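Taking it in order: structure first as C-alpha cells, then the write-up.
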Number of protein chains: 2
Amino acid sequence: MKLYDSKMAPNPRRVRIFLAEKGIQVPDDQVDLAKAQNRSPEFLKINPMGGVPVLQMDDGTNLAESVAICRYFEETHPEPRLMGIDARDKAVVEMWQRRMELNLFSTVTGCFRNTSEFFKGRIPQVPEYGEVCRQAAEKAFGMVDGFLADRKFIAGERYTIADITALVAVDFAKLIKLRVSPEQKNLARWHEAVSSRPSAKA
Amino acid sequence: MKLYDSKMAPNPRRVRIFLAEKGIQVPDDQVDLAKAQNRSPEFLKINPMGGVPVLQMDDGTNLAESVAICRYFEETHPEPRLMGIDARDKAVVEMWQRRMELNLFSTVTGCFRNTSEFFKGRIPQVPEYGEVCRQAAEKAFGMVDGFLADRKFIAGERYTIADITALVAVDFAKLIKLRVSPEQKNLARWHEAVSSRPSAKA
C-alpha cells in the first residue's frame, strides 16, 4: 500500500490529517505538481483525472478522490469514528462534509485556480470567476462562523471529516489572502482548537 | 418524514432515482425554484444553503445534500446496495460517484448556471467560465465513454449511485445542448441501459 501524495496541494492534506487522527501510517510517494508530474503519461495510468492523492492498494487498485480514500480507512479502521456512527449521524456528517467542500473548500480552491500564477498556462483561467469564488469564500467564512455559534465542531460535538475539510480550506485560503477576521470569534475559536491537534501538522 | 423536492432541478432527481431503485416512497413537498421559494426566509431555516433536496426527518432534523440523503437510506434500507458492499467496494464506488460529480455533473451544471437565462440575476454569472465548463463537460463525455469500454456500469458490473449521478448529468446536459454523440458507442449503450430502468422516470 502506498499513497501518492503532494505536500503542496490541499486535497492530499485532507487524507494525511484523516490518517493521523486514526493513527495509521502509509508509505508515501511525493508527486511533483510544480513539474506537472501528475500530468505525465505514467501518472495518468494511475489516475486518469490527474489528481492527487491516490491510494495504491495491495491488490493493485488505484483509489483516487480524497473522501473515497478516507471512506476506505473509516471502514477498515473504524476508531475513532470520523464519518459518523449510526445511520442518522453518518448522513449528518456527510451533509456537513459536503457543505464544507462545496461552499468553502471549492470556493477557496476555485479562486486560487482561476487567479494564481501557479495555474497560469496549466488550466484555462477566468479571473472574473476567481473573484466570484473569492466573494463566495468570504461569505462561507461568515456562514461557518455562524454555524459554530452553538457547537464545538462543524458537525456537532465531535471532531469529524467535516472539520478536516474546513481546516484545510481555511489554511489554504491564506494563498488567496483570505483569513479569519477578528469578529469571527466562533470560527477563530474552532480554528485554534482544530489547529492545535497533532494531526494538523500532517 | 418528508422530502423537499423540485422536478426542475438535477440534484433532487438523483435522490428520487435512488429511492426508486430501493423501492422507498417518501412524501414530497415541491419547492418552486422559479419563484425562488428556496431563497425565502422560511426555506432558509430548513436549509441555510438554499438548496434542494432536503429530507425532513421524523425527529425534525433537516438533512440536506443529495448524497447525504442517499447515505441515510443506504444505511437504513441496505438492499439493493447502491453505495458498495465491502470496504474496498464502498471506496471504489465513492471514487466513481465523485468523479462523475466533479468532472461531469459539476461541469454541466456549471455551464448552465453561468450561461442560462434562468440564473440571470439570481447568481453572478460569468459566461466565459460557463464556456470553460462546457468544454470540460464535452471532454468528460468522452472520458466516460472510454471508461465504459470494459464494463457494464460506471463503477463496474453493478448499477450504483455513480450511474445515477452520471445519468442525471447526461440528461441535464440537453439544457446546454450537449448530447451523447454517435461515436460514443459505450456511453450510448450505457445511457440506453440506465434510461430503460423504471427508476429513470423518477
* Asked: Of all residues in segment A:1-11 being within 17 Å of the chain's Cα centre (by Cα) and not in a loop (DSSP other than H, G, I, E, B), which is farthest from A:Ile176 (Cα to Cα)?
  -> A:Leu3
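Residues checked against (1) closer than 27 Å to A:Ala140 by Cβ; (2) touching a Ser or Thr at 6+ places or on another chain (Cβ under 9 Å):
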| residue | (1), (2) |
| --- | --- |
| B:Gly60 | yes, no |
| B:Thr76 | no, no |
| B:Leu82 | no, yes |
| B:Met100 | yes, yes |
| B:Gly110 | yes, no |
| B:Asn114 | yes, no |
| B:Phe119 | yes, no |
| B:Arg122 | yes, no |
| B:Met143 | no, no |
* **Residue satisfying all of: in segment B:157-202; polar (S, T, N, Q) and touching a residue at least 12 places away in the same chain (Cβ under 8 Å); nearest to B:Asp28 (Cα to Cα) among these** => B:Ser199
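Would you kindly identify the strands (runs of 3 or more DSSP E) lying entirely within segment B:12-81 that contain at least 3 residues that are open to solvent by 10 Å² or more (accessible area, probe 1.4 Å)?
Result: B:28-30.
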* To do: Quickly run through segment B:64-92 and pick out the residues that are in contact (Cβ under 8 Å) with a residue 12 or more places away in the chain and of a type in the set (Val, Ile, Thr).
  => B:Val67, B:Ile69, B:Val92
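Any residue at all in segment B:149-164 that's open to solvent by 80 Å² or more (accessible area, probe 1.4 Å) and assigned to a helix (DSSP H, G or I)? Break it down stepwise before answering.
The initial filter retains those residues of segment B:149-164 that are open to solvent by 80 Å² or more (accessible area, probe 1.4 Å), namely B:150, B:152, B:157-158.
Narrowing the set further to residues that are assigned to a helix (DSSP H, G or I) leaves B:150.
For segment B:149-164, residues open to solvent by 80 Å² or more (accessible area, probe 1.4 Å) and assigned to a helix (DSSP H, G or I): present.
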* Asked: Any idea which of B:Ile46, B:Ile85, B:Ile24 is of a type outside the set (Lys, Arg) and in contact with a His (Cβ under 8 Å, 6 or more places away or on another chain)?
  -> B:Ile24
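When segment A:93-138 is examined, which residues are found to be of a type in the set (Val, Ile, Thr), within 11 Å of another protein chain (Cβ to nearest Cβ) and without any contact (Cβ under 8 Å) to a residue 60 or more places away in the chain? Explain how you work it out, then say what you get.
To start, the set of residues in segment A:93-138 that are of a type in the set (Val, Ile, Thr) comprises A:93, A:107-109, A:115, A:123, A:126, A:132.
Next, from what is left, pick out any that are within 11 Å of another protein chain (Cβ to nearest Cβ): A:93, A:123, A:126, A:132.
Residues satisfying the conditions are A:Ile123, A:Val126, A:Val132.
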* To do: Please work out if B:Gln125 is of a type outside the set (Ser, Thr, Tyr), open to solvent by 30 Å² or more (accessible area, probe 1.4 Å) and out of contact with any helix residue (DSSP H, G or I) (no Cβ under 7 Å at 6 or more places or on another chain).
  => no
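The values are calculated or read from the model by the stated rules, or taken from the named source; none is laboratory data. Just so we're clear, the structure is a prediction, and the values are computed from it rather than from any experiment. Cβ coordinates were reconstructed from backbone atoms using ideal geometry, including for glycine residues, and neighbour counts include every protein chain displayed. Keep in mind that these areas ignore ligands, DNA and RNA; they rest on the heavy atoms of the full protein, side chains included. Shrake-Rupley method; radii C 1.70, N 1.55, O 1.52, S 1.80 Å.
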